[in-house]
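Down below is the structure, laid out as structure tokens.
Just so it is clear, none of the values below were taken in a lab; they were calculated from the coordinates. Source: prediction; values computed, not measured. Backbone-built Cβ (ideal geometry, glycine too); neighbour counts: all protein chains shown.
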Ligand code: FAD
């Protein structure tokens, strides 16, 4: 008797392990295989930007190693293994540097997103770090110690840049944040709320530089102790380490080269099904019925639905309103951005660093909100008034 082909999951982030757990709630028999190009440690990625505040290094953030996860999930977990190609006709995977082919009964892409690297010149690019997973975080913490870093320049004043700014300030470091746009979290927060968040971080010592791009990172002549960060407006900042946080892009290359439909993310319907038979996607890599949402709440909703679907009970995913909490305790911030095609206007109530932005249409319906400081207490009340993202 031959073993049935396994359900194969590519990726062991919150998406990959999340769908594995959900699947096992409904099916304890079908063989399950997870394949990851990282070390397979289970961890909560959002905690990467609270490590200095909570004094947690990579080891402390590790919830379980790959072996423990395999045992808990009654699965195989192959680490440091890159999936190179998918043959969706024969339903087999090819792995990098290996001859073996892996057959699948169903395949799930949970390949996440990669950091966007800004084009930088200079002779000190080895001092530029980006932190998008636990292995990156180990490297970053090690470098911070080895270099005895005190001054950190952060490229990008978005969600991740501002969270790292707050966390590093809490850790006692000096922080400069550089962003070409005019205020922080430019794609998520309306300006009055962003100014409140900025004020909160400035009160803790952050220095913001809005307008210029970072062009080069160089060691000063004759010294390797520090770096000079050159800005497009002619400014130069001194730092010990640079953190690049300009955003992420869904990992769609493997799907694309395997002939699976992609757009901004791997295209799926509301069953998380891609254009290929028995192939699914969820998490940062997926574009679910037009939505690319690189957050934990949508990924968990998707995992719950897909867990049932894979176990033989086809289930669509719904997205309720899912406000995003920005982990900036210097100025607590919650935002539920209006849909891209929403028609309405922002109205603000501002009282110091307490700001309440409400986005309403002509009929007065609430379509989005942004809250900072004291006003974050309104979150639950306002959340109930929001329409679902995907009913
Ligand atoms: P990932 O965790 O990136 O996992 C991708 C997996 O795919 C990895 O295991 C990788 O090895 C594997 N992989 C990729 N390609 C291949 C291949 N070809 N072969 C084999 N393996 C492959 N979200 C929130 O909702 N709230 C927050 O407060 C929050 N804070 C954040 C703070 C930081 C610093 C960061 C970086 C993100 C934060 N996010 C937050 C976003 C959230 O963490 C992500 O949306 C989520 O973790 C994505 O999980 P994922 O499983 O889709 O992707």
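Note on 152, 326, 116: ascending count of other Cβ atoms within 10 Å places them as 116, 152, 326, the fewest first. Peptides 8-19, 89-100, 25-36, ordered by how many other C-beta atoms sit within 10 Å of their residues on average, highest first, read 8-19, 25-36, 89-100. Counting neighbouring beta carbons within 10 Å and listing from fewest to most, the residues 145, 216, 163, 374 come out as 145, 374, 216, 163. Helix 191-203 and the longest principal axis of the Cα set of the chain meet at an angle near 70°. Using only Cα atoms, tell me the angle between helix 14-26 and the longest principal axis of the chain; keep it within 0 to 90° and round to the nearest 10. Tilt relative to the chain: about 40 degrees. Rounded to the nearest 500, the helix-only mean residue ellipticity at 222 nm of the chain stands at -6500 deg cm²/dmol, with each DSSP H run of n ≥ 4 adding -39,500 (n - 2.57). To the nearest ten degrees, helix 134-146 and the longest principal axis of the Cα atoms of the chain are 40 degrees apart.
The stretch between residue 297 and residue 365 holds 22.1 nm of extra length on full extension. This uses 0.36 nm per residue minus the Cα-Cα distance. Per-residue extension of 0.36 nm, minus the Cα-Cα distance of residue 264 and residue 350, leaves a gain of 27.4 nm for this segment. With N counted as the residues of the chain, its alpha-carbon radius of gyration over 2.2 N^0.38 Å works out to 1.05. Using the alpha-carbon centroid of each, what span in Å lies between region 130-189 and region 340-391? Cα centroid of region 130-189 versus Cα centroid of region 340-391: 28 Å apart.
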